[in-house]
Each structure stands twice: as C-alpha cells, then as structure tokens.
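Right, one structure below, let's go through it.
The values are calculated or read from the model by the stated rules, or taken from the named source; none is laboratory data. Note that the structure is a prediction, hence the values are computed from the model and not measured. Neighbour counts run over all protein chains shown; Cβ positions are idealised from the backbone, glycine included.
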Amino acid sequence: MSKKKMTVLDFKKYKEEGRKFAYCTAYDYTIASIVNDSDVEVILVGDSLAMTMLGRSTTVGVTLDDMIHHIKPVVLGAPNTFIAGDMPFGSYQESPEQAIRSACRILMETNCDCVKLEGGANMAPTIKRMVDVGIPVMGHIGMTPQSASSFGGFKVQGGTPEGAKKLIEDAKALEAAGVFSIVVECVPSVVAKALTEAVSVPILGIGAGPDVDCQVLVTHDLLGMYGDFKPKFVKRFANIREEMVKGLNLFHEESVSGAFPTPEYSFNKAVDIPKLY
Ligand code: KIV
C-alpha cells in the first residue's frame, strides 16, 4: 500500500503525538521514486547536491536555477512523499524581498511542499515575512554548511554553554517567526535534546543524537554511494557503491568475453540484408 503524504500540519501533530519519522535527500527522479517506495516520510532536495552530484567540496556555488532543475524531477518521482526544496546560498540573504522572490520561484516552478533555508535569529525577520505571505518554511541551524568556511570548516556547533544558549535562542526565534520544523545539524546530543524540548515544532536532527523528533541523512551517505568521505554521524545502512561496482565489473567481463548479449537480449528475427559493403 502506498504511504499517505505528510502535510505541513502533520509535522507538529507528529511531535505532539511523540511519533518519530525519517527524512532523507534525493536529487533526481529515480532516487526520488525509490524513496517514495520506502517508508521514509520526507525528502529534501538539498544543496548538498553540489557535493554528491556535482563533485564540489562545499555546498556553496549551486544556483537557484540548479536547485529548481533538480527539485522538478524529484517532485515527479515521489508523489506520496513530502518534499522540501533547499534555498541555495545567495538566494535569500540579501533581503526579505529577495527571499520571497526566490522561494516563490521554487514553489511555483517545481510544486514542492516547502522551502528550507539556513540561519537562526539573524534570519527570523526574513522568515516571518515569508511565512506571512504564505510560504511554508523549514529552518536549519547548528552547523549550517553554507557558512562552513566562516566556522573554519564542517565543525560541531553548540559545544560550549554560550554556543548552546545561542542555539536555543535561534530555535525559539525561528519558532516565533513561524517555521513548521527546524533542521539541527552537528550539535552535541544533549544540546539537541534541550532544543527538542524547548520548541513546539519538530527538530529534524542530522548528527544531533537520538533525542530529536526526526532523523535526517543524505541518501548517498546512508546507502553507501558517496565515497569521498564519511562524516562520524553517518551510518551506512547499505553498501550500494560496492554493489554498483560489482555489477559494472560483471558487465565489463561479459562484454569483453562475449558472454553478453545472449539471444535473450538480442533482436533475433532473420532478415535478408542487402549487400551494402
Ligand atoms: O543540503 C542538505 O542535504 C542538507 C542536509 C544536510 C540537512 O541541508
């Protein structure tokens, strides 16, 4: 039986009911359709595609057009899964007007279910303006990859009393601005637990320990497809890369030995071929 698609309202309802859920990425039609066939409730078309799909070393550098290009096929591939479209660096920081314009393009051109953007209390006035005009916004605090170079790299955030206090203030500011959920990335488990207890919207944790409302992972990481590096918080639930290399090697072996293709994989109807050569 196909799963029932979550709505924005379900996020808060799940939290109130203590019902946990799961969230992963997709950047294309085929992976989206595979996630759609699974029990995972939410897909993010994340700007992590800069690394997993485009081979960059950070998430900075993808454009609004790039994101829209990838969100469209995901929406087509996953009709029963809630889909968040990531707002890329530079598409929302300038002004609330710029953020509204970019978010409207994402929602209107792709038909995804919400937008996600990075930032805490500093972004709250912009988020409030977006929510006020009817844009569903998912927040993202902690280690926000678009600002990784300001943090000196991909580093755990909120590891000091001041850092933890700042994260709680950020989460509360986003909640007050009207987000319906908040991604919290790479923070100590105790801090993520405190954040989960501090706000009424679900905390979607990635590298944030067990005491959050929802676990998030990049699909290319959790299925063992991305091979460049593996962050500490990533558990590989499958090793698809190894399976793919095995399959490709078998294809190569049978191609060079002539074992492939057999008549089963050939068009075998006899025809008279005129002498052309
Ligand atoms: O772009 C992305 O994949 C993300 C997740 C890491 C939450 O923002």
Are any residues in the stretch 139-162 out of contact with any Asp or Glu (no Cβ under 9 Å at 6 or more places or on another chain) and either touching a residue at least 24 places away in the same chain (Cβ under 8 Å) or closer than 23 Å to Y23 by Cα (or both), and if so, which ones?
A148, S149, F154, K155, V156, G158, G159
Of (1) in contact with a helix residue (DSSP H, G or I) (Cβ under 7 Å, 6 or more places away or on another chain); (2) of a type in the set (A, V, I, L, M, F, W, C); (3) more than 26 Å from L9 (Cα to Cα); (4) within 13 Å of the ligand (Cβ to nearest atom), V115 satisfies every one except (3)
Could you please give the count of residues in the stretch 71-86 that are part of a helix (DSSP H, G or I) and either more than 15 Å from the ligand (Cβ to nearest atom) or under 23 Å from S149 (Cβ atoms) (or both)?
5
Here is a list: K269, K235. Which entry is closer than 28 Å to I34 by Cα and part of a loop (DSSP other than H, G, I, E, B)?
K235
Looking only at the stretch 52-69, which residues are part of a helix (DSSP H, G or I) and either closer than 22 Å to S150 by Cα or more than 11 Å from the ligand (Cβ to nearest atom) (or both)?
T52, L64, D65, D66, I68, H69
Candidates D47, D39, filtered to the one that is within 15 Å of the chain's Cα centre (by Cα), in a loop (DSSP other than H, G, I, E, B) and either aromatic (F, W, Y) or modelled with pLDDT of 95 or more (or both)
D47
Is it fair to say D66 is closer than 20 Å to M225 by Cα, among the charged types (D, E, K, R), out of contact with any His (no Cβ under 9 Å at 6 or more places or on another chain) and modelled with pLDDT of 95 or more?
no
Hits in the stretch 218-277 (condition: aliphatic (A, V, I, L, M) and more than 30 Å from Y27 (Cβ to Cβ))
V256, A259, A270, V271, I273, L276
Note on K20: of the conditions (1) closer than 17 Å to V183 by Cβ; (2) within 16 Å of the ligand (Cβ to nearest atom); (3) charged (D, E, K, R); (4) surrounded by fewer than 23 Cβ atoms within 10 Å (Cβ to Cβ), unmet is (2)
Residue count, the stretch 192-222, condition over 24 Å from D47 (Cα atoms) and under 12 Å from the mean Cα position of the chain (by Cα), comes to 0
Search result, residues across the stretch 147-177 that are at pLDDT 95 or above and within 22 Å of A103 (Cβ to Cβ):
D170, A171, A173, L174, E175, A176, A177
